[in-house]
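Encoded as structure tokens, the structure appears first; notes follow it.
The values are calculated or read from the model by the stated rules, or taken from the named source; none is laboratory data. Since the structure is predicted, the reported quantities are computational estimates derived from the model, not experimental observations. Don't worry about glycine lacking a Cβ; one is built from the backbone with ideal geometry, like all the others, and counts go over all protein chains shown. Side chains are part of the model used for accessible areas, which takes the heavy atoms of the whole protein and leaves out ligands, DNA and RNA. Shrake-Rupley method; radii C 1.70, N 1.55, O 1.52, S 1.80 Å.
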Amino acid sequence: MSEFGYRCEQCDSTVRPKRVQREAFKHKTHFVILEDVTVGICDQCASRYYTADTLKRVQELATGAVAPERFDEIPVAPAR
């Protein structure tokens, strides 16, 4: 996958593509979860990188430009 394979901005190691089952994104006051998405993950420090297409999809879902497939409930509680 040509979108990855570059150097990590944090540690200068290599960012490689990895297909993940779920990835959560925060967009202003909303959360969006993408399923079966390829992300770039640094070999050494595990920093995560996303393609422009992935971030555009997050924005479309978060702003309501595109309807989500479904809504899931997420438990929320204080850390204590």
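Structure notes:
- For the stretch 25-34, a residue qualifies if it is out of contact with any helix residue (DSSP H, G or I) (no Cβ under 8 Å at 6 or more places or on another chain), of a type outside the set (Phe, Trp, Tyr) and surrounded by 10 or more Cβ atoms within 10 Å (Cβ to Cβ), and the qualifying residues are 26, 33.
- Search result, residues across the stretch 55-78 that are open to solvent by 90 Å² or more (accessible area, probe 1.4 Å), assigned to a loop (DSSP other than H, G, I, E, B) and either over 18 Å from residue 29 (Cβ atoms) or not charged (D, E, K, R) (or both): 69, 70, 71, 74, 75, 76, 78
- Qualifying residue in the stretch 11-19 (condition: open to solvent by less than 80 Å² (accessible area, probe 1.4 Å), small (Gly, Ala, Ser) and modelled with pLDDT under 95): no
- Near pairs, Cβ below 9 angstrom, 6+ apart or cross-chain, from the stretch 54-80 (among the β-branched types (Val, Ile, Thr)) to any residue that is open to solvent by 90 Å² or more (accessible area, probe 1.4 Å) and outside any loop (DSSP other than H, G, I, E, B): 63/30; 66/57; 74/31
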